[in-house]
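The block underneath contains the structure these notes are about, expressed in structure tokens.
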Amino acid sequence: MNPLFYSVLHVVSLFVLAGYTFYAFAAPVETRKRVLIITGIASLLALIAGFGLQAKLGYAFHGWIIVKIVCWLGLSALAGFGYRRRGAAGTLAGVALVLIVVAVLMVYLKPF
């Protein structure tokens with residue numbers, strides 16, 4: 001497939017993952033199942049598209065990719081934490097924002 005397809009799928013799924021993660025911090029408890037399903041699917045699509053893009057562009061397994069995987073794991077877990085720890089929603093939102101910024105910086109800087 002075209003690398004542009006993987007790139008668009010990766011970015012769109014990460015927008016959905018980030019959006020629903022922030023939504024989980026303020027959403028009513030009744031939406032928990034639906035939000036966790038959506039974030040799980042978006043997370044899986046982001047992983048598949050990210051590795052597909054890595055393969056199509058011929059990148060080796062560099063350090064910046066490992067940092068992005070750690071950010072992906074953290075962001076994927078935060079929606080569940082948002083429903084369990086309602087009092088820490090502000091802190092969790094800050095952590096999510098830091099993870100997103102670090103992941104985006106790794107794409108453009110590729111420091112390792």
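The values are calculated or read from the model by the stated rules, or taken from the named source; none is laboratory data. Quantities reported herein were computed from a predicted structural model and do not represent experimental measurements. With ideal geometry, Cβ positions are generated from the backbone for all residues, glycine too; neighbour counts draw on all protein chains shown. Remember, those area values only see protein heavy atoms, side chains included, never the ligands or the DNA or RNA. Shrake-Rupley method; radii C 1.70, N 1.55, O 1.52, S 1.80 Å.
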Can you pull the one-decimal nm distance between simple spin-label points at Leu36 and Arg84, each 7 Å off the Cα toward Cβ?
1.0 nm
Can you work out D for the chain in µm² s⁻¹ from Stokes-Einstein, where Rh is the Kirkwood radius over C-alpha pairs, the temperature is 20 °C and the viscosity is 1.002 mPa s?
149 µm²/s
Return the sequence-ordered ³J(HN,Hα) values of the stretch 38-45 in whole Hz as given by the Karplus equation 6.51 cos²θ - 1.76 cosθ + 1.60 applied to θ = phi - 60°, using x for Gly and Pro.
5, 5, x, 5, 5, 5, 5, 5
Which distance in Å, rounded to a whole number, links the C-alpha centroids of the stretch 1-78 and the stretch 81-103?
15 Å
Full extension between Tyr108 and Thr91 adds, at 0.36 nm per residue less the Cα distance, a length in nm of 3.5 nm
Rounded to the nearest 10 degrees, the helix 63-84 long axis (Cα) sits at an angle to the longest Cα principal axis of the chain of 20 degrees
Give me the net charge of Leu92's neighbourhood, meaning all other residues with Cβ under 11 Å from the Cβ of Leu92; Lys, Arg count +1, Asp, Glu -1.
+3
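From largest accessible area down, sort Ser43, Ser76; use a 1.4 Å probe on the protein chains.
Values: Ser43 10, Ser76 40 Å².
Of Ser43, Ser76, the descending order of accessible area is Ser76, Ser43.
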Accessible surface of the chain [probe 1.4 Å, protein heavy atoms]: carbon and sulfur percent:
75 percent
Rounded to the nearest 10, the angle in degrees between the Cα long axis of helix 89-109 and the longest principal axis of the Cα atoms of the chain comes to 10 degrees
Label point 7 Å beyond Cα of Val98 along Cβ direction - residues of the stretch 1-27 with amide nitrogen under 19 Å:
18, 21-22, 25
